[in-house]
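Just below is one structure, and these are the notes that go with it.
The values are calculated or read from the model by the stated rules, or taken from the named source; none is laboratory data. All values reported here derive from a predicted model rather than from experimental measurement. Glycine gets a Cβ as well: all are built from the backbone with ideal geometry, and neighbour counts include every protein chain shown.
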Amino acid sequence: MAGKKFSRTWLTPVVAVLVAFAIGALLIYIQGADPLKAYQSLFSHAFGSWSGIAKTLGKATPLVLSGLAVTIGLRAGLFNIGVQGQLVTGAFAAAWAGYFIHGLPIYIHLPLALIFGITFGAGVGLIAGALKAYRGIHEVITTIMLNSIILALVDYLAGHVFQEPGQILARTPHILPSATIPKIFSLPSGFFFAILLAYGVWWVFQRTTSGFRLETVGRNKSAAWYAGISVKRAVLIAMAVGGGIAGLGGGIESLGVIGRFEPTFNTGLGFDGITIALLGRANPLGVIPGAILIGGMRGAAASMQFDAGVAPEIVDLILALVLFCVTAPFLAKWLKSTEVGAKITSGWGN
Amino acid sequence: MKKLLSFKWLLTLLLVAITGYFYSKDGVITSSVVSTALIFGLPLALAAMVGIMCERTGIVNIGIEGTLLFSAFVGFFTASATDSDFYGVVAAVIAGTASGVLLAFMSISWKMDQIIAGTIINILATGLTSFLYKQGHTAPTTSQIDIPWLSQIPFFGQVLFMHGPIVYIGLVLIFVLYIALFHTAWGLRSRAVGEHPGSADTAGVSVFKLRYLNVSIAGAVGGLAGAYLSLELVGSWDRGFTAGKGFTALALMIFGRWNPMGALAAAMFFGLTQAITNQLMFSQIVKIPDQFVNMLPYILTIVVLAISAGKVRPPAAEGQQYEKEQA
């Protein structure tokens, strides 16, 4: 029985990924390249070697967290498209704390830098949450606007105020060794932390009243209100926690992978989070396989271009098709599986 | 209501007075700034029309950004391949219509969540165009048409009658849409479907057909806006070059109370702030970092929404699926 339920839930995402890859193959073929060679290169670089796996897991880390951030929103009936901005803010704040604060031992400096990332990411999420809770402005619009504002802001900060001395590029100085996330067996340790966090979020939704409250608001606002749950509070919490987790993702990226903040390095992570969350059916544990798959594709795209002459943007296209196939009901109907339950549309001013 | 009306006229008078003052000081720059305001504001206004047409019939469209990006892409590369700006514009309108039909299909036939359907259009448009994009192409752009006699009028000539063809088509389209929405049977039916589809259905209006029709026409308008961006305003296409205009348009739609004239006024205000900033930067009166100039429309969007939220009411059936009652 459990097996049947499992296959009903996860058959659609798996088939959606396969269909997207098939359409992608067709497009590669039309462009005059060899799709088999391209995919072989993509997957052998992503999963075929120890260093490839390390790279994949490194790329997957912020994706797990951005997927989680979107998932928390979806559970509470919010569509948080602002994960990109929250993540970038966190990446910047953590990098700043990582290079600016001196003289602390690693066991204080590193957590402190990550807390900076979390706090600032949460702050950005909270702006959209407050605009939603108190002014009734749809979070989709505010978060998209905030994404653009933050992108410009951090570009300015990293290019002028906090720029590395003597540098033409917009980037901050390198973080100190005391703020660098160490590697475990050459694997980025941030990944294991992200997995733990995904489990933690799952536990909160499964076992605690706070999770239940958020979920009730997400399913039916009026019912939640009648039951005495504060909808405003739930919106604020969901946006702040989502933003904090996204900020942590950015922080781990800065302190564990890049070693500084550079505006062009984090683009797209937040939008992949949307695909990952919907692919994982808004289940906190469901984001993990999606993040690993997409992290692998992102990490190996450049090698694929070198081997098979296929533009790395094919990954964007495949991911868009995945999103389409996983949310459109035709696959679910055809496979007689359950559809994504999230119902998130609400008006612009109420 | 009466109070608001007088506020509106006061604001208009104030704007006219300020423009007149600056015109008396420096006619050339003032005319060019106001003309540039129209040039910058028009794509936003057209994109807002897409939103208005969809939402007035009860379909939320957050895929406008994707429609703009995709149709601008198709328009640019068709113009490049055929060496004809006309075919480019036609192709862009067809591409826009296609994206409208896709949205209609997802949100009406498949009954998908409309926010997710719009997001899919955005992400699909981004993925498809960035994969297919090839650098180094050029395309013929539409050329400016000076309307004979009218373009000779001081100030108004340059502001209104010395533009590319899509500006004229777009402006006429917005006025036509306004009249159609409030003074024709089609408009009445559309609004009824957006407010109370059940009643409209009882009165013999086909909710599905009208929603399909309007969302598809809206897509065509979005296609025209896309063509304007790549073939008239910028003259090229680049990844993500629509820069959030499709989302800003939604804010303008709300600020303009789902009314074409209101959205047009809001878009012109946005265009004006950009034109003034550009002029200040150009004449080096102020030095603002580029990043802050780029931020301005987004900050304005949030401020505008924060002001108008709660004071305006969206179409009642917006975003909801309509199920025909079984007899």
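The residue pairs whose first member lies in the range A:199-210 and is closer than 13 Å to A:I288 by Cβ, whose second member is surrounded by 13 or more Cβ atoms within 10 Å (Cβ to Cβ), and whose beta carbons are closer than 6 Å, counting only pairs six or more residues apart or on different chains, are A:V201/A:L68; A:V201/A:P284; A:W202/A:P284; A:W202/A:L285.
Considering only the range B:208-224, state which residues are touching a helix residue (DSSP H, G or I) at 6+ places or on another chain (Cβ under 7 Å) and more than 13 Å from B:A98 (Cβ to Cβ). If the condition is that a residue be touching a helix residue (DSSP H, G or I) at 6+ places or on another chain (Cβ under 7 Å) and more than 13 Å from B:A98 (Cβ to Cβ), then B:F208, B:L210, B:R211, B:Y212, B:N214, B:V221, B:L224 are the ones that fit. Pairing residues of the range B:25-53 that are within 18 Å of B:S71 (Cβ to Cβ) with residues that are aromatic (F, W, Y) and in a helix (DSSP H, G or I), at Cβ distances under 8 Å and at least 6 apart in sequence or on separate chains, gives B:L42/B:Y228; B:P43/B:Y228; B:L44/B:F270; B:L46/B:Y228. Checked against (1) more than 10 Å from chain A (Cβ to nearest Cβ); (2) within 23 Å of B:T119 (Cβ to Cβ); (3) not β-branched (V, I, T), B:L280 meets all criteria but (2).
Could you tell me which residue of the range B:250-293 is surrounded by the most Cβ atoms within 10 Å (Cβ to Cβ), considering only residues that are among the charged types (D, E, K, R) and within 30 Å of A:Y156 (Cα to Cα)?
Here the answer is B:D290.
Of all residue pairs spaced 6 or more apart or on separate chains, those with beta-carbon atoms under 6 Å, a first member in the range B:197-220 that is under 16 Å from B:I121 (Cβ atoms) and a second member that is surrounded by fewer than 20 Cβ atoms within 10 Å (Cβ to Cβ) and modelled with pLDDT of 90 or more are B:S216/B:V101.
Scanning the range A:308-340 for residues that are surrounded by fewer than 17 Cβ atoms within 10 Å (Cβ to Cβ) and farther than 22 Å from A:R75 by Cα turns up A:G309, A:F330, A:K333, A:W334, A:L335, A:K336. For the range A:101-124, the criterion of being over 23 Å from A:F193 (Cβ atoms) and either in contact with a Cys (Cβ under 7 Å, 6 or more places away or on another chain) or more than 14 Å from chain B (Cβ to nearest Cβ) (or both) is met by at least one residue.
Could you identify the single residue in A:V231, A:V241 that is crowded, with 24+ Cβ neighbours inside 10 Å and either of a type in the set (A, V, I, L, M, F, W, C) or at positive phi (or both)?
Testing whether each residue is crowded, with 24+ Cβ neighbours inside 10 Å and either of a type in the set (A, V, I, L, M, F, W, C) or at positive phi (or both) leaves just A:V241.
Being at pLDDT 90 or above, surrounded by 19 or more Cβ atoms within 10 Å (Cβ to Cβ) and on the phi < 0 side of the Ramachandran plot is a description that applies to A:G290.
If the condition is being surrounded by 24 or more Cβ atoms within 10 Å (Cβ to Cβ), among the hydroxyl-bearing types (S, T, Y) and at the interface with chain B (Cβ under 8 Å from one of its Cβ atoms), then the range A:139-150 contributes only A:T142.
Could you list all residues from the range B:279-298 that are touching a helix residue (DSSP H, G or I) at 6+ places or on another chain (Cβ under 6 Å) and in a helix (DSSP H, G or I)? Answer for the range B:279-298, where residues must be touching a helix residue (DSSP H, G or I) at 6+ places or on another chain (Cβ under 6 Å) and in a helix (DSSP H, G or I): B:Q279, B:Q291, B:V293, B:N294, B:M295, B:P297, B:Y298.
In the set (1) within 14 Å of the chain's Cα centre (by Cα); (2) closer than 30 Å to B:L210 by Cβ, B:F70 fails one condition alone, (1).
Restricted to the range A:254-274, and to residues there that are β-branched (V, I, T) and surrounded by fewer than 23 Cβ atoms within 10 Å (Cβ to Cβ), the residue that is nearest to A:H174 (Cα to Cα) is A:I258. Of the residues making up the range B:32-49, not one is in contact with a Phe, Trp or Tyr (Cβ under 6 Å, 6 or more places away or on another chain) and more than 25 Å from B:I217 (Cβ to Cβ). For the range B:305-322, check the following and say yes or no: at least one residue is at pLDDT 85 or above and at the interface with chain A (Cβ under 7 Å from one of its Cβ atoms). Yes, some residue in the range B:305-322 is at pLDDT 85 or above and at the interface with chain A (Cβ under 7 Å from one of its Cβ atoms).
One line per residue, one yes/no per condition, for (1) of a type in the set (S, T, Y); (2) in contact (Cβ under 8 Å) with a residue 24 or more places away in the chain:
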position	(1), (2)
B:F77	no, yes
B:G88	no, yes
B:L103	no, yes
B:I123	no, yes
B:G127	no, no
B:T141	yes, yes
B:Q158	no, yes
B:L177	no, yes
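For the range A:185-201, indicate whether the set of residues that are of a type outside the set (S, T, N, Q), touching a Lys or Arg at 6+ places or on another chain (Cβ under 6 Å) and not in a helix (DSSP H, G or I) is non-empty. Checked the range A:185-201: no residue is of a type outside the set (S, T, N, Q), touching a Lys or Arg at 6+ places or on another chain (Cβ under 6 Å) and not in a helix (DSSP H, G or I).
In the list A:A33, A:A20, which residue meets the criterion of being modelled with pLDDT under 95 and over 25 Å from the mean Cα position of the chain (by Cα)?
A:A33 is the lone residue from the list that is modelled with pLDDT under 95 and over 25 Å from the mean Cα position of the chain (by Cα).
For A:G136, the conditions (1) crowded, with 20+ Cβ neighbours inside 10 Å; (2) under 20 Å from B:I302 (Cβ atoms); (3) modelled with pLDDT under 90 all hold with the exception of (1).
Filtering the range A:31-54 to residues that are surrounded by fewer than 22 Cβ atoms within 10 Å (Cβ to Cβ) and within 23 Å of A:S254 (Cα to Cα) leaves A:W50, A:S51, A:G52, A:I53, A:A54.
Just to be sure I understand, how many residues within the range A:56-94 are β-branched (V, I, T), within 9 Å of the chain's Cα centre (by Cα) and more than 13 Å from A:G243 (Cα to Cα)?
2
Name the residues in the range A:19-37 that are part of a helix (DSSP H, G or I) and of a type in the set (D, E, K, R), would you? Hit for the range A:19-37 is A:K37, nothing else. The residue that is farthest from the other protein chains (Cβ to nearest Cβ), among those in the range B:201-249 that are of a type in the set (F, W, Y), over 17 Å from B:I62 (Cβ atoms) and crowded, with 19+ Cβ neighbours inside 10 Å, is B:Y228.
Has the range A:330-339 got at least one residue that is modelled with pLDDT of 65 or more and closer than 24 Å to A:Q40 by Cβ?
So in the range A:330-339, the residues modelled with pLDDT of 65 or more come out as A:330-336.
Adding the requirement that they be closer than 24 Å to A:Q40 by Cβ leaves none.
Checked against the condition, which is being modelled with pLDDT of 65 or more and closer than 24 Å to A:Q40 by Cβ, the range A:330-339 yields no hits at all.
Does any residue of the range A:161-173 turn out to be within 14 Å of chain B (Cβ to nearest Cβ) and assigned to a helix (DSSP H, G or I)? Yes: one or more hits.
Any chance the range B:84-107 includes a residue that's over 26 Å from B:T36 (Cα atoms) and within 8 Å of chain A (Cβ to nearest Cβ)? Scanning the range B:84-107, I find at least one residue that is over 26 Å from B:T36 (Cα atoms) and within 8 Å of chain A (Cβ to nearest Cβ), so the answer is yes. With respect to (1) more than 24 Å from A:P105 (Cβ to Cβ); (2) more than 8 Å from every other protein chain (Cβ to nearest Cβ), the lone exception for A:G136 is condition (2). Are any residues in the range A:123-158 more than 19 Å from the chain's Cα centre (by Cα) and acidic (D, E), and if so, which ones? Matches in the range A:123-158: A:D155 only.
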